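Read through the structure below, which is laid out as structure tokens, and then see the notes.
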Amino acid sequence: MIRVRTGLGAAALAAITVLGVAALPNGAAVAGDTGLRGAARGTGVKIGTAVDMNALANDAAYKEAVAAEFNTVTPENVMKWSEVEPTQGTYNWGPADDLINFARRNGQAVRGHTLVWHSQLPSWINETDFTKAQLRDLLRRHIFAEAGHFKGKIWAWDVVNEPLNEDGTLRDTIWLRALGPGYIADAFRWAHQADPSAILFINDYNAEWLSPKTDAYYQLVKDLRHQGVPVQGFGMQGHLGIQYGLPGDVLENVRRFDALGVKTAFTEVDVRMILPTDQYRTQAQAEGFGLMLRACLLVKNCISYTVWGFTDKYNWVPGVFAGEGSATPMDEQLQPKPAYDTLRETFLLAR
Ligand code: XIL
């Protein structure tokens, strides 16, 4: 039976009438559910993208695609500390507020990214000789200022980003040095006080498969929750490269966090490759995107799957990984790649 959803266009209705249901390919049987967000409807998993605010302001096709394809958005940069407080005490909320307003107009949930990180800190933090007590106070004030400013408007916060090393030990950061290992618990408590309704995530890369790093996350999340610390989600960034192979045990990993009772999410998915791209690499990429989405759809508590940019037209990979790229589901002309089709079909199978 065709499940006709809202927004079914006249042309699509005509097509159904003329061709008959049996003649329609699978995708068309749910006409009106255009875009990935339509395909995701009813699955319990939101589909998101990181948003480049310059592209959103200047590229109409990009803007249209963000609205049409996604039901959650994450600011790629504009909520990071370096962006919101470039000069001490002078806040710049404008670009992030713009995204919040865009999301509201388009019925999208916002993932806040990120409150505590060792990277993209304002230069005044690194350049000033703050005491440990001052740094603790700065971090606390930052969390209250930012989570407070967006209170009630953020669906989920990446409270602490990338706090662990590959071997599972705590990363040596300005925050660990100043506040000690308790900074993670403190950050979650402060964020929860500042915005009690946001779902609070700890988030990292190389967090998709079974490893010393994810074993340590499992233990950390378990311990924090036993202590009553409001860690409510485990975010796996999902930055893959096909040259490293795909994480075949991602489902097993997500399942163990699911069993802990925390939410999970894929928060920054992209699948890069050594250029040039070819049909085999493109296919492996599609499998990488699909593998992580299936894992998310197959557990109860995985609530979103966000790509870190949806078009190669605006993408961080070529600037960071020399010789690599083509990491997103759409090419530079915003044309879908096999990865896009895999995401769409995987969602449709799950509804
Ligand atoms: C990246 C952005 O995409 C770039 O534009 C920026 O120059 C650097 O940061 N993990 C994260 C993201 O948590 O915030 C990073 O985003 C990518 C890696």
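The values are calculated or read from the model by the stated rules, or taken from the named source; none is laboratory data. Just so we're clear, the structure is a prediction, and the values are computed from it rather than from any experiment. Every residue, glycine among them, receives a Cβ derived from its backbone with ideal geometry; neighbour counts consider all protein chains shown. Calculation scope for accessible area: heavy atoms of the full protein, side chains included, ligands and nucleic acids excluded. Shrake-Rupley method; radii C 1.70, N 1.55, O 1.52, S 1.80 Å.
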Worksheet item: In region 275-334, which residues are surrounded by fewer than 19 Cβ atoms within 10 Å (Cβ to Cβ) and acidic (Asp, Glu)?
Response: ASP278, GLU287, GLU324, ASP331, GLU332
Worksheet item: Quick check, is VAL299 of a type in the set (A, V, I, L, M), away from the ligand (no atom under 16 Å from the Cβ), at pLDDT 95 or above and closer than 25 Å to LYS263 by Cα?
Response: yes
Worksheet entry | Near pairs, Cβ below 6 angstrom, 6+ apart or cross-chain, from region 331-351 (more than 15 Å from ASN315 (Cβ to Cβ)) to any residue that is open to solvent by less than 20 Å² (accessible area, probe 1.4 Å) and outside any helix (DSSP H, G or I) | PRO336/MET330
Discussion item. Residues that are of a type outside the set (Asp, Glu) and touching a strand residue (DSSP E or B) at 6+ places or on another chain (Cβ under 9 Å): list the helices (runs of 4 or more DSSP H) wholly contained in region 265-351 that include at least 3 such residues.
Written reply: 279-298, 338-350
Worksheet item: Give me the pairs: first residue in region 259-270 and more than 14 Å from ALA295 (Cβ to Cβ), second residue open to solvent by 10 Å² or more (accessible area, probe 1.4 Å) and within 13 Å of the ligand (Cβ to nearest atom), beta-carbon distance under 9 Å, and six or more apart or on different chains, which are they?
Response: GLU268/TYR205; GLU268/HIS239; GLU268/TRP308; ASP270/HIS239; ASP270/TRP308; ASP270/ASN315; ASP270/TRP316
Practice prompt. Give region 90-122 a look and list any residue that's open to solvent by 40 Å² or more (accessible area, probe 1.4 Å) and more than 25 Å from ALA57 (Cβ to Cβ), or say none.
Written response: HIS118
Item to complete: State whether the residues of region 141-164 include one that is without any contact (Cβ under 8 Å) to a residue 60 or more places away in the chain, within 16 Å of the ligand (Cβ to nearest atom) and open to solvent by 60 Å² or more (accessible area, probe 1.4 Å).
Response: no
Worksheet item: Which ranges mark the helices (runs of 4 or more DSSP H) fully within region 137-232 that have 2 or more residues being within 18 Å of MET79 (Cβ to Cβ)?
Response: 183-194
Worksheet entry | Residue tally, condition crowded, with 22+ Cβ neighbours inside 10 Å, within 16 Å of the ligand (Cβ to nearest atom) and either assigned to a helix (DSSP H, G or I) or of a type in the set (Asp, Glu) (or both), over region 32-55 | 1
